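Before any comments, here is the structure.
The values are calculated or read from the model by the stated rules, or taken from the named source; none is laboratory data. Since the structure is predicted, the reported quantities are computational estimates derived from the model, not experimental observations. Here the Cβ positions follow ideal geometry from the backbone for every residue, glycine too, while neighbour counts run over all protein chains shown.
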Amino acid sequence: MAQGPSGLLKGALYRVYERRLLKQVKSGPIPQHLAIIMDGNRRFAQELGLSRMDGHVEGKNRLESVLEWCMELGIKVLTVYAFSTENVSRQADEVKELMRLFKESFRAVGDDERVHKHRIRIKVLGDVSLLPKDVQEAIAYAESRTRDYDRYFFNLAVAYGGRQEILRGLKSIAAKVKNGELDVERIDEELFSSHLYTANIPDPDLVLRTSGEERISNFLLWQLAYSELYFTDVYWPGFRKIDLLRAVRSYQMRIRRHGK
Ligand code: FPP
């Protein structure tokens, strides 16, 4: 993109600010698990006169950058809300295009040399049976190619709903009680957590939502009981490194206040 002198100056100032913020944030406690509700792809596209799908592709590209920034900061677990159970009822052509993007993205993720170099484990949270077969196969490909990794964890909630996840866990516990495998008295928070898609994944320390909406929208309902919440106005494809750094800085100030 061509930039005038003021654009260049702004870019240079941002880089200076970003470096300062990065240094400041890196000296404080870093959340182990960051969860993100990526929102605003279509509004971003509309404001720039792009197609809806361009917005989603920009959102996917931004997600790759955010994963890199998280690793640079030392955030070990990143979980993103990519497709909710409610999103299934969007217009058929949008769902179809998104499914194609998911299929291509999961195949590419499975082959991505950065994923193997940094030993990132890919996991999908959600009812994958609701997705087309070729998307299910692409997910299985990415998951199986990374199943032995444990340096970073990248979870994508796809066809995911928090209430549905809780009901699924509840049913599986009830079935174990019914067939005598489990005593009701043994049901506690830890056991319940182990029956969710996020079994063995620590709860998020920080949950971030873009695009100015301040709702949880059925995301990780059980898991975010004690998480810090952070909302920012920026649309997801426009989310910058300084937005991530500001979110982590806010997290650090809050945990310092209530001494976690
Ligand atoms: C929210 O914006 C975004 C989505 C529903 C889809 C998100 C998908 C991606 C970022 C691609 C995921 C990539 C991989 C690797 C699977 P919106 O459509 O709700 O936009 P709006 O809030 O402006 O309507």
Which ones in the stretch 195-212 are farther than 30 Å from MET253 by Cβ and touching a residue at least 60 places away in the same chain (Cβ under 8 Å)?
TYR197
Looking only at the stretch 195-224, and only at residues there that are out of contact with any strand residue (DSSP E or B) (no Cβ under 9 Å at 6 or more places or on another chain) and on the phi < 0 side of the Ramachandran plot, the one that is surrounded by the fewest Cβ atoms within 10 Å (Cβ to Cβ):
ALA199
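Residues are listed down the side, and each one gets a yes or a no for (1) within 14 Å of the ligand (Cβ to nearest atom); (2) among the aliphatic types (A, V, I, L, M):
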position	(1), (2)
ARG62	yes, no
SER65	yes, no
GLU68	yes, no
LYS76	no, no
GLU97	yes, no
HIS116	no, no
VAL128	yes, yes
ARG151	no, no
PHE154	yes, no
Would you please name the residue that is nearest to TRP69 (Cα to Cα), looking only at residues in the stretch 7-59 that are without any contact (Cβ under 8 Å) to a residue 40 or more places away in the chain and of a type in the set (Ser, Thr, Tyr)?
SER27
Quick check: anything in the stretch 107-114 at pLDDT 95 or above, within 30 Å of GLN252 (Cα to Cα) and within 12 Å of the ligand (Cβ to nearest atom)?
no
Only one of these is more than 30 Å from LYS26 (Cα to Cα) and either of a type in the set (Val, Ile, Thr) or under 14 Å from the mean Cα position of the chain (by Cα) (or both): VAL234, VAL177, VAL207. Name it.
VAL177
Output yes when any residue across the stretch 178-194 is in contact (Cβ under 8 Å) with a residue 12 or more places away in the chain, crowded, with 16+ Cβ neighbours inside 10 Å and in contact with a Gly (Cβ under 6 Å, 6 or more places away or on another chain), and no when none is.
no
Among (1) within 11 Å of the ligand (Cβ to nearest atom); (2) more than 23 Å from ILE216 (Cα to Cα); (3) surrounded by fewer than 16 Cβ atoms within 10 Å (Cβ to Cβ); (4) not polar (S, T, N, Q), which single condition is LYS103 missing?
(3)
